[in-house]
Amino acid sequence: MNLSTNAFRLRVRLLNRADNSVLWAESYDGGLKVAQLMEVQTDIARNVSSSLAQAYGVIFQADANLHVANPPDDWAAYSCTLSFYAYRVGVDAESRSSVRACLEKAVVRFPTYATAWGLLSLIYIDDYRFEFSGDPAESAAALDRALAAARRSVGLDPVNIRGRQAEMVALYFHKEIDAALKVGKQTLTINPNDTEFMGEYGERLAVSGNWHDGCQLIAEARQKNPGSGYYDVDLALCSYFSGDYTQAAMWINKSPFPSNPIYHLLAAAVFGEGGYKIAADREVAWLNQNQPDLVNNMRQVVSARLARPQDVELFLGSLRKAGLGVAD
């Protein structure tokens with residue numbers, strides 16, 4: 001730390017003690033008056049937590065590269081959480097199955113591990129929203145499992161962010177939208193620096209019909225933590241519903257998710273509405289080949305995600321323009 005008469009400069013480094021490599025470094029400048037020190041203290045805390053401790057931040061990236069042959073029980077449980085975030089990069093069904101099994105074993109062996117319960121709930125939510133069996137009973141069971149696991153997490157630790165995130169999303173898909181948004185608002189107050197949650201809450205706000213506030217939160221989350229491509233996809237959705245199809249196409253092309261069926265569904269709508277025929281044909285072909293159950297139940301799939309009927313009809317109309325047959 002360097003001091004002058006009226007100002008200071010603070011240099012911070014995060015080292016990996018295993019090999020002394022520098023994982024992250026930053027410098028901060030500020031004045032020495034009390035009000036200035038209080039302000040810069042808050043800014044530094046917010047910046048450090050966003051850069052280092054986020055789901056896709058510096059520490060996660062370092063830990064994700066570790067390979068432990070025979071980890072002890074506690075490390076094995078923690079490794080399940082790392083595996084969850086690695087899975088979320090592509091959300092393919094095969095990885096989801098293995099991560100689900102890992103987390104289910106973790107909560108049996110460590111029944112008070114609130115974060116594992118929260119992540120397991122998010123896996124069950126993905127079972128609901130990314131697998132399209134067409135069986136309402138099976139879908140309802142997956143959602144019930146998700147809500148139960150989320151509530152177990154929050155019961156163990158009322159301020160666990162992943163548990164509260166899972167509870168919010170499960171409630172939303174359960175059509176308890178006001179309750180979901182209430183959980184979201186409370187949780188953002190508890191931890192305003194968790195960009196993973198900020199982006200998810202922003203998406204829930206947006207798709208519930210509050211596009212302005214929701215999209216602002218998503219943009220803020222991306223600015224603070226650009227490591228996750230989910231924000232790009234969400235911003236494509238925001239641009240689409242604002243009528244800027246050129247911008248929507250830019251965002252959808254920025255961070256592709258080849259295994260995520262909803263990514264392809266959104267891409268088809270964006271390209272269809274924007275008049276990008278070749279790109280739209282490509283997405284339609286992918287959906288018909290890889291997700292026939294989704295294609296056969298598009299109205300149900302879209303209605304589960306968009307709360308307002310006018311948003312549902314706009315989106316389905318774009319899918320028709322892309323070349324998908326949508327039942328009235």
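The values are calculated or read from the model by the stated rules, or taken from the named source; none is laboratory data. Because the structure is a prediction, the values reported are computed rather than measured. Heads up: the accessible areas ignore ligands, DNA and RNA and are worked out on the full protein's heavy atoms, side chains in. Shrake-Rupley method; radii C 1.70, N 1.55, O 1.52, S 1.80 Å.
See the values below:
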read-out	value
Portion, in percent, of the accessible area of segment 178-251 that falls on carbon or sulfur, probe 1.4 Å	50 percent
Relative contact order for segment 134-179, counting Cα pairs under 8 Å that sit 6 or more residues apart, in percent	34 percent
Tensor-based shape of segment 180-253 (alpha-carbon gyration tensor, a/c under 1.5 rounded, otherwise prolate or oblate)	oblate
Probe 1.4 Å, protein heavy atoms only - accessible area per residue of segment 173-313 in square angstrom	43 Å²
Phi-based couplings in Hz for segment 169-186 (Karplus 6.51, -1.76, 1.60; Gly and Pro marked x)	5, 4, 5, 4, 5, 7, 6, 9, 5, 4, 5, 4, 5, 5, 4, x, 5, 4
Stokes-Einstein D in µm²/s, Kirkwood radius over Cα pairs - segment 228-291 at 37 °C with 0.692 mPa s viscosity	290 µm²/s
